[in-house]
1. Since Pro192 meets every condition but one in (1) over 23 Å from Ala122 (Cα atoms); (2) modelled with pLDDT under 95; (3) assigned by TED's automatic domain parsing to the domain that holds Ala176, which condition does it not meet?
2. Evaluate the stretch 217-231: report whether one residue or more is of a type in the set (S, T, N, Q) and under 20 Å from the mean Cα position of the chain (by Cα).
3. On the basis of being closer than 28 Å to Leu212 by Cβ, touching a residue at least 40 places away in the same chain (Cβ under 8 Å) and polar (S, T, N, Q), does Gln266 make the cut?
4. Identify the single condition in (1) farther than 20 Å from Leu205 by Cβ; (2) in contact with a helix residue (DSSP H, G or I) (Cβ under 8 Å, 6 or more places away or on another chain) that Ser99 does not satisfy, given that it satisfies every other one.
5. Being within 16 Å of Leu53 (Cβ to Cβ), of a type in the set (A, V, I, L, M, F, W, C) and surrounded by 13 or more Cβ atoms within 10 Å (Cβ to Cβ) is true for just one of Leu278, Leu322, Leu272, Leu265. Which residue is that?
6. For Lys84, are the conditions met, namely being at pLDDT 95 or above, over 22 Å from Phe187 (Cα atoms) and crowded, with 20+ Cβ neighbours inside 10 Å?
7. Among the residues of the stretch 285-322, write down those that are among the basic types (Lys, Arg) and either farther than 26 Å from Leu262 by Cβ or assigned to a loop (DSSP other than H, G, I, E, B) (or both).
8. Limited to the stretch 1-44, what total is found for residues that are among the basic types (Lys, Arg) and part of a loop (DSSP other than H, G, I, E, B)?
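The values are calculated or read from the model by the stated rules, or taken from the named source; none is laboratory data. In this text the structure is predicted, and so the values were computed from the model without any measurement. Backbone-built Cβ (ideal geometry, glycine too); neighbour counts: all protein chains shown.
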Amino acid sequence: MMENYRPLIERQNLFFSSGKTKELSFRTDALQRLRSAIKEKEQDIMAALKADLNKSEFDSYTSEIGFVLEEIKFTLKHLRSWIKPKKAKTPITHLGSKSYIHSQPYGVSLIISPWNYPFQLAIAPLIGSIAAGNCTILKPSEYTPKTSELIAKMIADLFPEEQIAVIQGGVETSQALLKENVDYIFFTGSVPVGRIVMEAASKNLTPVTLELGGKSPAIVHKDANLKLAAKRIAWGKYLNAGQTCIAPDYLYVHQSVKEEFLGHLQNAIKDLYGENPLENGEFTHIVSEKHFNRLKAFLDDGEATIGGKTKEDGFVIGPTVLTNVNWTILL
């Protein structure tokens, strides 16, 4: 039986109606408290990310913690100007008057965040929701339980539930939340689930932001700096074990430089992760057995020219380059 979240949403609607969240001082204070808590719990956040994904401290800070701290800094710097009314051109039908654009919050926003960057992709949209003056319900991923638990405790310690609430749970929890009538939905995840979110939102004409994964090819022409291209592609692809929506999924390499480029790519992988990435204690793991098995099956779709090794203990797939693939596989 699905849980009823209507009472929570009604409490948030009531709190929003008080007008408190619209005050600049209220928004900036909330963001400053969030920033202080993130800094204070930095080691705890890293430990949670290590437990869920085996992320190194460097990766955890650069792609998760540091990212959101910079986002808060940028938001605090510009928030006053963002909420200030902007002059606009007055149409001839309103001759003799002045026109302004006033930016107003939506009300109650629902954020459904993914597992691949479980801290950053939960907190970054929350920063935007707070800055805009909304109340927020945040649903983090069930695939990263330690990070989700940490976020829930941190937010509960910082904010009353009628302002910001974290709801943990699986697919059924997301389904129950999507059945409710909120004022905005922010979803990060896959295209199939994005369609479900869009369908649910359409029933109430709820505005949405969908940040969905997709295919990201990289092209290496014969006049490219091959060593530099290989270094950048290796970093962009294998960061977070490839679990990044904009990671290059496949390469178009000019035939005349293919072998030379592959040599550079192999060296770049070795420089980043050592001779045996499977035994590298700081190489990110695949998030779950389900995802591990799905990705492992892709290794049969071509010839493993580089890598191709896996380790079921910890769900590790080493950096891999497949050749002799075709469009049927890519599509």
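1. Going through (1) over 23 Å from Ala122 (Cα atoms); (2) modelled with pLDDT under 95; (3) assigned by TED's automatic domain parsing to the domain that holds Ala176 one by one, Pro192 breaks only (1).
2. No, there is no match, as no residue in the stretch 217-231 is of a type in the set (S, T, N, Q) and under 20 Å from the mean Cα position of the chain (by Cα).
3. no
4. With respect to (1) farther than 20 Å from Leu205 by Cβ; (2) in contact with a helix residue (DSSP H, G or I) (Cβ under 8 Å, 6 or more places away or on another chain), Ser99 is out only on (2).
5. After applying the criteria, what remains is Leu278.
6. Spelling it out, it is not the case that Lys84 is at pLDDT 95 or above, over 22 Å from Phe187 (Cα atoms) and crowded, with 20+ Cβ neighbours inside 10 Å.
7. Result: Lys290, Lys309.
8. Qualifying residue count for the region: 1.
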